[in-house]
Amino acid sequence: MANQFENTSWVSLKVLGFLTNNLTVAEYFNRDWEKDFRREFAPGSTIDVKFPQSFLTIDGPGYAPQGINQQITTITLDQWVQIPFEWDDMEVALKLERSEEELDRMYFEPAGKQMAQEWDSRAALFATNNISTIVGQLGTDPTSLTTYDLAKSRLLQKAALGGKRSLCISSDMMNALAPVIEAFLNPGDEVSRMFKEGYIGILKNFDLFESQSLYVHTSGVWASQTGVTMVGANQTGSSISIQGSNGDTIKQGDKISIGAVHFVNPRTRRVVGGSNNLATFTVTQDYTLTGGTDVISILPPIYGPGSQYQNVDALNNNGDQLALFPGTNMVDGQSKSGTIGLGLTPSAFAMVGAKLYLPDAVEESSQKMDPDTGIAIRYVHAWDPFHSLNIHRFDSLGGFGNLYQDNGAVGVLGA
């Protein structure tokens, strides 16, 4: 019979369309650096992104130049998503669908939607683990708009850059909010309504989505919620020295605060919103404490008064207590679990895609890249002469990186 996949550009373009139209979380990641990967790269390739310099003002006419202290972040292209399938020549002759419409419905649409879900889930996990600003209580779904107002305020207080904003919440969070939400929803644009699964409308200047990509986070376990303390005063940077009980655990993505250290607006460098606005930090990997001094890594790095990049009002004192998920009633010796909703702006996280090698020694191959997202889909059809099999595979290569993860995103805690 005639080859059913003769129009291979159509195949990869169809799957790409199904993929990009089903993204919700990943759609709000920044893609400005995709152009740096517009060639064939091996997984693990990285680029360094430079942040704009931040400056201090000087009082009076005296000349006192400040040093250039440029910060960078890394975007890593290290994630490969593949959907392979095959059929033998007997199935081709007797069973395979013949029309493009049938092939769409049976193979290409499911492949594109599954790839979309995979990329959206990976984006959601990256954001969950790297967001440091939080509102709400872990393990409890917000039942009023107060928490969502606070999420909007946090982005303003932290000088989030402009652009579109999304708020992805779970179905349970949506159900808890439903009795009070209708009067506050504004209609969105028709394109979003038409294509985006789970799109609800506009709430508090967020594009609101009921997303299935979100993750339930389970916190670490501390023997005493007052027993994890800072070892040494005036700590700065992306790692801190702490002491807890032997066996205490801290999980990647846990959010912590330090004593009475508050966040400041990055422009005014003053505390906003009063004494309740503690600076919160996300822990970047799993730790088990030894009972002695342990060093853990956090985001964002701590910059105290006098720094061009000041983000807290004061540095810690020796012995200051850490709080795990401040605002949540944590219990000694127990973990707590809950979904983390995602309030995102494109200034928080980066997503990059790249084209893969396109082989010639196959039956068919094609590759299409979406100019808006940077995601590319490669389709390859090869025939296996040893088993008389038609092999088909769709591949996509991408990766993520932190931009202004502290200023451009907020986690909304739920059950």
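The values are calculated or read from the model by the stated rules, or taken from the named source; none is laboratory data. In this text, all values refer to a predicted model and were calculated from it rather than measured experimentally. Ideal geometry is used to build each Cβ from the backbone, glycine not excepted, and the neighbour counts take in all protein chains shown. For accessibility, only protein heavy atoms count, side chains too; no ligands or nucleic acids. Shrake-Rupley method; radii C 1.70, N 1.55, O 1.52, S 1.80 Å.
Side notes on the structure shown:
- Full-stretch length increase - MET106, GLN82 - with 0.36 nm per residue and alpha-carbon distance subtracted: 6.9 nm
- Theoretical FRET efficiency, 1/(1+(r/R0)^6), r = Cβ-Cβ of PHE184 and SER239, R0 51 Å, to 0.05: 0.75
- Note on region 284-377: Cα convex hull, mean projected area over all directions, 12.8 nm².
- Of the whole protein surface, TRP222 contributes about 0 Å² of accessible area at a 1.4 Å probe radius.
- Among PRO52, PRO385, PRO300, residue whose mean-square fluctuation peaks in a GNM of the chain (springs only between Cα atoms under 10 Å): PRO385
- A simple spin-label model places pseudo-atoms 7 Å from Cα toward Cβ; at GLN334 and THR143 they are separated by 1.9 nm.
- Gaussian network model of the chain, Cα within-10 Å springs - most flexible of ASP88, ASP207, ASP32: ASP88
- Counting only alpha carbon atoms, the long axis of helix 8-20 and the longest principal axis of the chain meet at about 30°.
- The distance between label points at ALA361 and THR226 comes to 7.1 nm (points 7 Å beyond Cα on the Cα→Cβ vector).
- Mean separation of Cα pairs under 8 Å and 6 or more residues apart, divided by the residue count, gives region 304-400 a relative contact order of 20 percent.
- Percent carbon-and-sulfur accessible area, the chain, ignoring ligands, DNA and RNA, probe 1.4 Å: 49
- Mean projection of the Cα convex hull over all viewing directions, computed for the chain: 24.9 nm².
- Only DSSP H runs of four or more residues enter the estimate; each adds -39500 (n - 2.57), and after division by the residues of the chain the mean residue ellipticity at 222 nm equals -5500 deg cm²/dmol.
- When the chain is treated as a GNM with alpha-carbon contacts under 10 Å, the residue of LEU322, LEU177, LEU278 showing the greatest mean-square fluctuation is LEU177.
- Averaging the sequence gap over all C-alpha pairs within less than 8 Å and six or more residues apart, then dividing by the number of residues, gives the chain a relative contact order of 28 percent.
- Label-reachable residues, region 255-295, where backbone N falls under 14 Å from a point 7 Å from GLN321's Cα toward its Cβ: 257-261
- Mean Cα-pair separation over length for region 195-341, i.e. relative contact order, pairs under 8 Å, 6 or more apart, %: 34
- Taking all protein chains into account, the per residue accessible area for the chain stands at 45 Å² (1.4 Å probe).
- Taking Cα atoms only, the orientation of helix 146-157 departs from the longest principal axis of the chain by about 80 degrees.
- For the set VAL272, VAL25, VAL216, the ranking by accessible area, highest first and with no ligand, DNA or RNA atoms included, is VAL216, VAL272, VAL25 under a 1.4 Å probe.
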